[in-house]
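To keep things clear, I will list the structure first and then write my remarks on it.
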Amino acid sequence: MRGACTCLLVLAASTLTAAGDTNAPARPKILFNRWQEDWSVLTSPAVAREPLDDLKYIPLRADTYLSLGANLRERFEAKDAVNFGVNGAKPQDYVISRLETHADLRLGDQVQAFVQLESEFSPGKKVLTPVDQNRLDLEQAFVALTERVGQGLLRLRVGRQQIGFDLQRFISVRDGPNVRQSYDALWADYELADWRIIAFYSQPVSNRDRRAFDDFSSPHLTYGGIRAEYRLSENSSLSAYVSQFRQDGAHFVSIAGNERRDILDIRFTGNKSWFDWDAEVMGQSGRIAGERIRAWAVGSRAGYTWDGNWKPRLGIQLDAASGDSNPLDRTLGTFNPLFPNGYYLSLAGYTGYTNFIHVKPSVTVKPMTNLSAMIAVAAQWRETTADAIYTQPNIPVAGTAGRGGSYTGTYLQARFDWQVTEHFTTALEAVRFQVADSIRQADGHDGSYLGVEGKIGW
């Protein structure tokens, strides 16, 4: 592991570029999903070369090659009010460290075998959760087949993999915390003209850190469904999916038992001229411990970007999710955010996507093409005061259910992202949350968060 870190640091410091034919094929970019990169382009001598390219493309025989790669993410975090300081939670300063290494085997354009290992540590963190530390485990290991069927393209994947939909409000890779979310899954999608149809079944992976390679999945937690995507125009699309979430032994403020949720989700996104938008609505029904489930959520982001220097963008984010308005009516109204990516709201973790109303205007500027700065102020309320206030992902704040008013607080968020090179990016995020009386009455207090991050990809 130490050797891999050294190689990544060398790449991060390197600013080497190779001048070549402007018509030469472009080098692949380091992608969020590393398995989507295609390094066969290195067969062209016109492609700019970088150190260690002999490991990015290792030819084995005709149309077959192996590619190696790695990611390193280091983030310092300081929190002075974990869970708003309720139940005596103490301030924490710590580092979260994630190292991922992978091997990608391609047999022509049809067969792919991808394996990715992970190693995460949280030096200085006083209270460790399953998403904080995982010293060595299997993050992904799947086989994929791509085949042309009729006029369309069929893709199949089987094995441990990562799944994320759209802005990852509800189904995500969970990149914000230290340990990502993996799924032991069967996946199939078919693309034909403007349509894409997806079917999947998964057992989400549960993380633990008792020993190496001890993460597991089981039929006690499953998620699967069918999704349809349609390209309305070059700049807009509509998608919808139906799915089922099953979890044995679930716990909510007012009830516990085996949870079965049937889900319908619809999303509309696009852009026109300088205006962009993304709107999503989800409804949930089902049963838990003999009671009905009726829950909902909506999420939206929109913005207008001016042309010219710094490309300022004025944005607005509106989100809401239901809570349980009557614990005695034998209907659970608490929305389950499923597998959310916390950074959709902020990295601070003060805001969970359950029983809330969230209004967040923002301004983003780009002083340089590789540097962006965003500042936002958000106000937050409970959808119903009968249910608790929740922090990420859906943790109730003790002593808030049925107590206090609907207003929960206001926070200020600032974030800076700088892509230093193709391999090295940095980010800084700061959040200050000013709580309302509904949290103070539960012995909570205002909170501050600071995160400083560096990421290296090879």
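For the residue pairs 29/125; 90/366; 311/455; 56/455; 79/455, alpha carbon separations beyond 28 Å are given by 29/125; 90/366. Using C-alpha pairs under 8 Å with a sequence gap of at least 6, the mean separation divided by the residue count of the stretch 123-241 gives a relative contact order of 22 percent. Working from Cα pairs under 8 Å separated by at least six residues, relative contact order for the stretch 2-457 is 12 percent. How far, in degrees from 0 to 90, does helix 2-13 lean away from the longest principal axis of the Cα atoms of the chain, to the nearest 10? Helix 2-13 sits at roughly 80 degrees to that axis. For the peptides 145-152, 112-119, 48-55, the ranking by packing is 112-119, 48-55, 145-152, with the highest mean count of neighbouring Cβ atoms within 10 Å listed first. Annotation: extensible slack from residue 370 through residue 296 equals 22.9 nm (criterion: 0.36 nm per residue apart, minus Cα-Cα distance).
Label-point separation (nm) for residue 127 and residue 440, each offset 7 Å from Cα along Cα-to-Cβ? Rounded to a tenth, the inter-label distance reads 2.3 nm. Give me D for the chain in µm² s⁻¹, whole number, from Stokes-Einstein with Rh from the Kirkwood sum over alpha-carbon pairs, 20 °C and 1.002 mPa s. After rounding, the answer is 90 µm²/s.
Computed from the coordinates by the stated procedures, all read-outs in this text should not be read as laboratory data. Values in this document were obtained by computation on a predicted structure and should not be read as measured data. All Cβ positions, glycine included, derive from the backbone under ideal geometry; neighbour counts span all protein chains shown.
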